[in-house]
Each structure stands twice: as structure tokens, then as C-alpha cells.
Amino acid sequence: MMKRLFFLFVICAAAGCMGMSTIQLNDGTSITAGIIEKKSDRIFVDLGFTLLAIPKDNITAVLDTSSPAQKGDFTKNLYRVLKKGRLAPIRDLVENEGGSVVTVQTPTGLGSGFIINQKGYLITNHHVIAGENRITVTVFEKAGSDISTMTKKRFENIRIVADSPDWDLALLKIDDKDHPKFSTVPIGDSDILKQGEPVFAIGNPLGLERSVSRGIVSIKNRLISGRLYVQTTAQISPGNSGGPLFNLRGEVVGVNNMKVIAAGAEGLGFAIPAAVLKMFLTNRDTFAFDPRNPNNGYRYNLPVKQENKSDREIQKN
């Protein structure tokens with residue numbers, strides 16, 4: 001028994017215990033622990049006070065939760081949410097979440113976006129990619145421990161999954177072969193935003209990559225042209241479009257969309273609320289992009305109207 005424990009300890013030391021993982025079981029429960037050894041039929045985990053062997057037949061999924069940027073549960077709607085977020089300084093949040101903010105470029109313009117799913121799904125504005133079929137996404141990867149040292153990686157095989165001109169949202173997917181498992185940002189709850197709450201934006205204003213601006217929520221539900229927006233004093237400039245507006249828990253509470261440009265106007269930035277983004281993702285099949293159709297999205301026929309006697313009489317006349 002002592003030799004067996006020593007053997008497992010050596011494996012743990014050599015592999016660094018492979019970080020913390022959440023192991024979901026067939027009965028609906030889950031275990032969060034460090035995986036120290038994987039075999040063809042079972043996984044050994046360290047619970048701190050004892051070692052546990054879990055048969056693979058009893059496991060439905062293994063999620064890596066070792067990275068601070070990956071905590072939270074992915075929903076069936078592609079994005080993830082935090083069970084309990086903690087307030088943190090902006091510099092720490094930029095380091096944790098900034099790698100998920102990307103540049104979205106077309107032959108006619110440039111905007112921002114953010115990755116919501118490890119498989120390469122990302123969000124941007126409709127007006128950033130409207131009318132384009134050649135889209136390039138640039139991902140910034142940390143080259144070392146210093147957040148200021150980043151490397152660029154360009155992906156050119158980009159597919160439009162869903163698109164809504166009315167909501168000015170687009171869901172894209174990086175389809176390049178052998179792409180890495182991307183870091184993602186969690187989606188927060190814009191309905192609980194408070195007036196005066198600090199927020200910050202990351203994006204590419206005027207092509208100045210990975211720029212950070214901070215401000216407060218001026219009002220969380222500003223109505224403009226029939227749409228609701230989060231109004232903020234965080235600087236939103238051309239190139240910020242499609243990028244994330246974060247709260248101080250590192251959650252996306254809005255999709256940066258526009259600013260007011262007028263003489264004497266300052267600090268009037270607007271973002272699409274996260275609640276609208278969630279509706280878009282939940283109902284993404286409704287906004288599914290059909291490349292064979294020049295109109296974005298599919299079109300559905302109107303339901304058949306029930307005919308009644310008065311209708312027949314009118315037709316006869």
C-alpha cells in the first residue's frame with residue numbers, strides 16, 4: 001500500500017496534478033479535484049484527504065476549471081455563467097479576460113469581438129460583418145507571465161452562424177483546423193446593473209488593439225429607436241463595436257455598439273445589454289445564417305389563417 005501511494009505521489013508531482021477539474025457523474029453529481037492519473041478504464045483524483053478511483057463508465061464529462069478565466073458552467077446556449085463572481089481590480093480582470101477579446105476584420109472595416117465558447121464561437125456586431133463573406137479574426141495569446149507580452153494569431157476560416165440586423169448581433173465560429181481550446185468570457189446579468197456601477201471596455205478603437213477604457217453605468221435601460229441600451233461613460237469609439245463591456249466581476253454585461261458624436265457630447269457610449277445577447281444565443285436557430293440567401297437569416301412563412309364565414313362573404317363580394 002505504501003508503494004502504491006508513493007507511486008501516485010510521484011505521478012502527481014511530475015504532472016502537477018494536472019490542475020483542478022470538475023468530473024460530472026452519471027447520477028447528476030460532480031466532483032472537483034485534481035486528476036493525478038488517467039487509465040483506460042478509470043481516473044484517479046486527489047480529494048486532499050484520500051485518493052479516489054472513478055470508473056470511466058460512471059463519468060459523463062470532465063471540465064478543466066484550473067484557469068481563473070474558465071470557471072463557471074457552460075450552458076446549452078454556448079456561453080458560460082459564473083455561479084458566484086468576486087469583485088476584482090480592473091488590472092487583474094484585464095489579465096484574466098483580455099485574452100478572449102479579439103479583432104474582427106473585413107475588407108471594408110475593423111471591429112472587436114469576444115470568444116464565448118472554447119470551440120471558437122464568438123460574438124460581434126452585425127454591422128461589423130454586414131455584407132461580407134471574408135472575415136479574419138485575430139486572437140491575442142499571452143506569450144509569458146507578463147500580460148503586456150502578447151502574440152497574435154490570425155484565423156481566416158470564419159463561419160457566420162447566426163446574424164440579426166435588428167438586434168445588431170452576430171455569432172461567428174472559428175473553423176480553422178487544429179485551432180486551440182480558446183479562453184472565454186462569462187456572460188453576466190445586465191438586469192441587475194446599478195446606476196453608477198463601474199464598468200470597463202476592451203476593444204480596438206481606431207485599430208488601436210487591446211485598448212482598455214473605464215467608466216460607470218449612466219443608465220442601464222436607455223431606449224433609443226425602439227432598442228434598449230446600457231448607457232455608459234466608458235469610451236466607445238469606432239473599432240470598439242462588437243467588443244465586451246465588463247463589470248468588476250469580469251462578466252460581460254453588454255456588447256459595445258455605438259457612441260454619440262456631436263458638438264459638446266462626451267461620455268455617451270452605448271452597449272447592447274447582456275440580456276438581449278442571451279436571448280439572441282438562446283434563439284440562435286431563428287437567426288441562423290443561410291449563405292445561399294442574400295438576406296441574412298432564414299425567412300419563415302406566415303401561419304395559415306383560419307377561414308371563417310365572414311371571410312368567404314367578403315371574398316364573394
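A few comments on the model shown:
- Residue 162 long-range amide H proximity, modeled H, under 5 Å: 171, 289
- Estimated vicinal HN-Hα couplings, Hz - region 243-255 in sequence order (Karplus 6.51, -1.76, 1.60; Gly, Pro = x): x, x, 10, 9, 8, 7, 9, x, 9, 6, 10, x, 10
- Residues whose amide H lies under 5 Å from that of residue 197, counting only those 5 or more places away or on a different chain, are 217; hydrogens are built 1.01 Å from N in the peptide plane.
- Positive-end residue, region 190-280 charge dipole about Cα centroid, Cβ charges, pick of 239, 275, 252: 275
- Gyration tensor (alpha-carbon) shape descriptor, region 76-174, a/c threshold 1.5: oblate
- Calculated FRET efficiency for the pair residue 119/residue 166, C-beta based, R₀ 35 Å, to 0.05: 0.85
- Couplings for region 95-101, taken from phi via the Karplus curve 6.51 cos²θ - 1.76 cosθ + 1.60 with θ = phi - 60°, read 5, 6, 9, x, x, 8, 8 Hz in order; Gly and Pro are left as x.
- The packing ranking, built from the mean of other Cβ atoms within 10 Å per residue, places the peptides 88-98, 232-242, 51-61 in the order 232-242, 88-98, 51-61, highest first.
- Entries in 76/181; 76/194; 119/278 that, when Cα-Cα distance is taken, lie over 22 Å: 76/194
Read-outs throughout are calculated quantities, based only on the coordinates presented, and are distinct from any laboratory measurement. Keep in mind that this is a model prediction, so the values were computed, not measured. All Cβ positions, even for glycine, are placed from backbone atoms using ideal geometry, and neighbour counts span all protein chains on display.
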